[in-house]
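As structure tokens, the structure follows; a few thoughts come after it.
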């Protein structure tokens, strides 16, 4: 006999699967691991003095997405190796970590492009390099994984001492240099995407064509026929 919440199919027990049983709002906080990288970035940026960024907003007019939220989104995306504005928008819409970080806000790719290209451009290197240094120290990332040349930055976690060759100063200079390279790569990646898509978003959103129920039904029929005719 199957237990409550389970289904039996040919004596195989499956866990309950029912998309309609989900209820909103869901507390995303409880879904984020206690020591996840996103929490480190969230806490660090919350404590930063971002007055130079706030000064980029003239006031008046339409409301804007909060610059602290936008900074968290951009820095976390880069740390997560997501560089294109459309992919960042997609993450904010679909990825639990990003949804929690953004408080449910979903800025579109044009807003993300505008933010990093206009308001964030003068401080992104300083903010990102400091956060990356913190993430390395906390053991959340290895910077060599971000670069094709295999650059290595080492940290002695036990003594909290940082090493690049024999010089801490040299280490910080190299770290900043590599972060600058990464930001240039991110901009290049986004520029290429922008040239390809223009004002359009990712194809998966179906902006060009609505869902065709008849086409889906016909495809399912073909699959069912093949599975019935040639069962494995």
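The values are calculated or read from the model by the stated rules, or taken from the named source; none is laboratory data. Since the model is a prediction, treat every value here as computed from it, not as a measurement. Please note: Cβ atoms are built from the backbone with ideal geometry, for glycine as well, and neighbour counts cover all protein chains shown.
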_Qualifying positions in region 198-211 - surrounded by 10 or more Cβ atoms within 10 Å (Cβ to Cβ) and out of contact with any helix residue (DSSP H, G or I) (no Cβ under 7 Å at 6 or more places or on another chain)_ = 200, 203, 205, 206, 207
_Could you check region 168-180 and list, in sequence order, the residues that are closer than 18 Å to residue 120 by Cα and surrounded by 15 or more Cβ atoms within 10 Å (Cβ to Cβ)?_
176, 179
*Which pairs do you get when a residue that is at positive phi and without any contact (Cβ under 8 Å) to a residue 12 or more places away in the chain, found in region 59-75, comes within reach of a residue that is surrounded by fewer than 16 Cβ atoms within 10 Å (Cβ to Cβ) and in a loop (DSSP other than H, G, I, E, B), reach meaning Cβ atoms under 7 angstrom, with the pair 6+ apart or on two chains?*
none
*asked:* Just to verify a result, which residue in region 153-170, among those that are touching a helix residue (DSSP H, G or I) at 6+ places or on another chain (Cβ under 9 Å) and either part of a helix (DSSP H, G or I) or over 19 Å from residue 131 (Cβ atoms) (or both), is modelled with the highest pLDDT?
replied: 167
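Please go through region 58-72 and pick out each residue that is modelled with pLDDT of 85 or more and over 18 Å from residue 133 (Cα atoms).
Matches in region 58-72: 64, 65, 66, 67, 68, 69, 70.
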*Would you check which residues across region 51-78 are more than 17 Å from residue 112 (Cβ to Cβ) and in a loop (DSSP other than H, G, I, E, B) and list them?*
55, 58, 59, 60, 61
